[in-house]
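Chemist: Structure in structure tokens, see below.
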Amino acid sequence: MRALISNIVGSPKVKLKPYGSKLQQRYPKIYRLISVLRNGTTRFAKETFTFLNLKLKMWKRPDLIENLSWKEVEVYRQVPRDWKKVAPVMLISSFPVLNYIVLPIAYAYPHKLLSNQFWTLEQILKFGEIDYYNKVKHYSTILELLLIHADEKLDDSAAKNFLFDFVDRIKDGEEIKCEDVLELKPILKRPEFELKFLSYDHLFLLEKIENSRKAFDLIKSSNLAYYAYWLREADRKLLIQDLDKIPIEYMYSMCFERGINSRSHSINDLKINLRYWLDFTNKLFEFNSNFKRENQEYFTMYLHSKILLRSSINRKTPYK
């Protein structure tokens with residue numbers, strides 16, 4: 001990391017200080033490239049150091065999670081995923097000469113080769129919406145796989161019929177509310193619906209829409225459980241957070257991840273929709289009463305909730 005920062009930031013930083021305005025005037029594209037990569041690398045390095053520090057502290061004291069802020073939880077969750085995305089660029093650019101080749105290519109294709117530390121607000125919205133619709137196209141297939149699993153594994157005909165009717169309501173375009181989804185708790189908490197019992201295709205699509213695959217863990221159910229665990233912790237921290245104080249770039253990213261299309265809503269609507277999601281999570285896991293961190297029986301339902309609640313968490317009118 002230090003070599004990378006030195007290659008990207010060190011030399012230009014010295015030269016740009018006295019001649020920055022002239023370089024910006026004569027070569028605005030080159031100046032912008034250097035500025036974006038310098039600022040993005042600085043932020044990425046800072047978040048990486050924060051992650052490593054948290055990792056060390058939590059290895060010594062696992063209960064430290066109770067004292068983490070929402071931002072620290074977000075950094076702890078996101079940095080490994082960011083590293084997975086930018087690692088090839090980082091490794092190649094750490095070599096002399098090669099950085100002058102790969103960095104302009106990465107700058108030209110930031111969605112594929114760079115993480116959001118290097119993006120502008122407009123790019124966060126643009127790329128987030130692209131990813132959002134790439135996920136949405138798998139929603140109906142995931143629901144079908146859920147019904148197939150229920151048909152094969154569930155012996156309770158009444159519960160099976162209720163689940164089939166529920167999915168039919170979604171297909172018919174009916175708006176599904178938080179209270180409606182919570183009626184599925186007694187069904188989806190059953191052992192038959194634990195993540196490890198879902199089919200390979202089902203887990204593959206869930207892992208794809210959640211981007212939950214870890215570099216050195218090929219067990220999909222394990223990756224999804226880890227992802228759900230930390231997303232739940234982030235929701236728990238955000239539940240007591242004043243959403244007005246959250247930086248807008250974090251707001252956009254958090255909403256996209258929870259199935260809310262940030263680009264199609266006003267800031268006020270985003271806060272309303274995110275609060276609606278957080279209230280649902282609170283009721284699902286019962287944070288304020290019987291919450292147990294080791295309890296994973298609702299993870300399958302949790303990971304399907306953005307699909308089940310899609311209409312309710314993307315409304316543009318105040319909730320009543």
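The values are calculated or read from the model by the stated rules, or taken from the named source; none is laboratory data. Since the model is a prediction, treat every value here as computed from it, not as a measurement. Here the Cβ positions follow ideal geometry from the backbone for every residue, glycine too, while neighbour counts run over all protein chains shown. Just so you know, the surface numbers come from the protein's heavy atoms only, side chains and all, with ligands and any DNA or RNA stripped out. Shrake-Rupley method; radii C 1.70, N 1.55, O 1.52, S 1.80 Å.
Chemist: If packing is taken as the mean number of other Cβ atoms within 10 Å per residue, what is the order of 113-126, 156-169, 253-266, highest first?
Modeler: 253-266, 113-126, 156-169
Chemist: Classify the stretch 126-212 as rounded, prolate or oblate, taking a ≥ b ≥ c as the square roots of the eigenvalues of its Cα gyration tensor: rounded when a/c is under 1.5, otherwise prolate if a/b is larger than b/c and oblate if not.
Modeler: oblate
Chemist: Could you compute the FRET efficiency for E122 and N53, with r as their C-beta to C-beta distance and R0 at 22 Å, rounded to 0.05?
Modeler: 0.10
Chemist: Once both axes come from the Cα atoms, what is the angle between helix 299-308 and the longest principal axis of the chain, in degrees from 0 to 90, rounded to 10?
Modeler: 80
Chemist: Here is a follow-up. Taking 0.36 nm per residue of separation and subtracting the Cα-Cα distance, what length does fully extending D165 through D279 add?
Modeler: 38.6 nm
Chemist: What nm distance separates the two modelled labels at N211 and A108, each placed 7 Å from Cα along Cα→Cβ?
Modeler: Result: 2.3 nm between the two label points.
Chemist: Shifting gears a bit: How about K283: which aspartates and glutamates have a C-alpha closer than 15 Å to its C-alpha, ignoring those fewer than 8 places off in the same chain?
Modeler: Candidates past the 8-residue exclusion: E179, D180, E183, E233, D235, E297.
Chemist: May I ask you to compute the full-extension gain from K46 to I240, defined as 0.36 nm times their residue separation minus their alpha-carbon distance, rounded to one decimal in nm?
Modeler: 67.3 nm
Chemist: Here's another thing I want to ask about it. Could you work out the relative contact order of the stretch 21-99, using alpha carbon pairs under 8 angstrom and six or more residues apart, expressed as a whole percent?
Modeler: 21
Chemist: If you average the alpha carbon positions of the stretch 105-150 and of the stretch 152-214, how far apart do those two centres end up, in angstrom?
Modeler: 22
Chemist: Under a point spin-label approximation (7 Å from Cα along Cα-to-Cβ), what is the S199-R32 distance to one decimal in nm?
Modeler: 4.7
Chemist: Something else about it: By how many degrees, 0 to 90 and rounded to 10, does the Cα axis of helix 11-26 deviate from the longest principal axis of the chain?
Modeler: Tilt relative to the chain: about 90 degrees.
Chemist: Also: Subtract the Cα-Cα distance of E179 and W230 from 0.36 nm times their separation in residues, and report this length gain in nm to one decimal.
Modeler: 16.0 nm
Chemist: If I fit a long axis through the Cα atoms of helix 28-60 and take the longest principal axis of the Cα atoms of the chain, what angle between them do I get, 0 to 90°, rounded to 10?
Modeler: Roughly 50 degrees, rounded to the nearest 10.
Chemist: Next up: Name all residues of the stretch 76-95 having a backbone nitrogen under 19 Å from the label point set 7 Å from the Cα of D131 along its Cα→Cβ direction, giving them as ranges.
Modeler: Those under the cut-off are 76-90.
Chemist: Further question: What FRET efficiency would be calculated for the residue pair I101, S69, taking the C-beta separation as r and a Förster radius of 56 Å, to the nearest 0.05?
Modeler: 0.90
Chemist: Roughly how many debye, to the nearest 20, is the charge dipole of the chain about its Cα centre, given +1 on each Lys and Arg Cβ, -1 on each Asp and Glu Cβ, and no other charges?
Modeler: Here the size comes out at about 2200 debye.
Chemist: If I model a spin label as a point 7 Å beyond the Cα along the Cα-Cβ vector, how far apart are those points for S266 and D172 in nm?
Modeler: Label at S266, label at D172, 3.3 nm between them.
Chemist: Taking θ as phi - 60°, what are the ³J(HN,Hα) couplings along the stretch 238-248 by the Karplus curve (6.51, -1.76, 1.60), each to the nearest whole Hz, with x for Gly and Pro?
Modeler: Result, ordered by residue: 5, 4, 9, 9, 6, 5, 5, 9, 7, x, 4 Hz.
Chemist: To continue, here is another question. Over the chain, average the accessible area per residue using a 1.4 Å probe and give it in Å², no decimals.
Modeler: So the chain comes to 53 Å² accessible per residue, rounded to a whole number.
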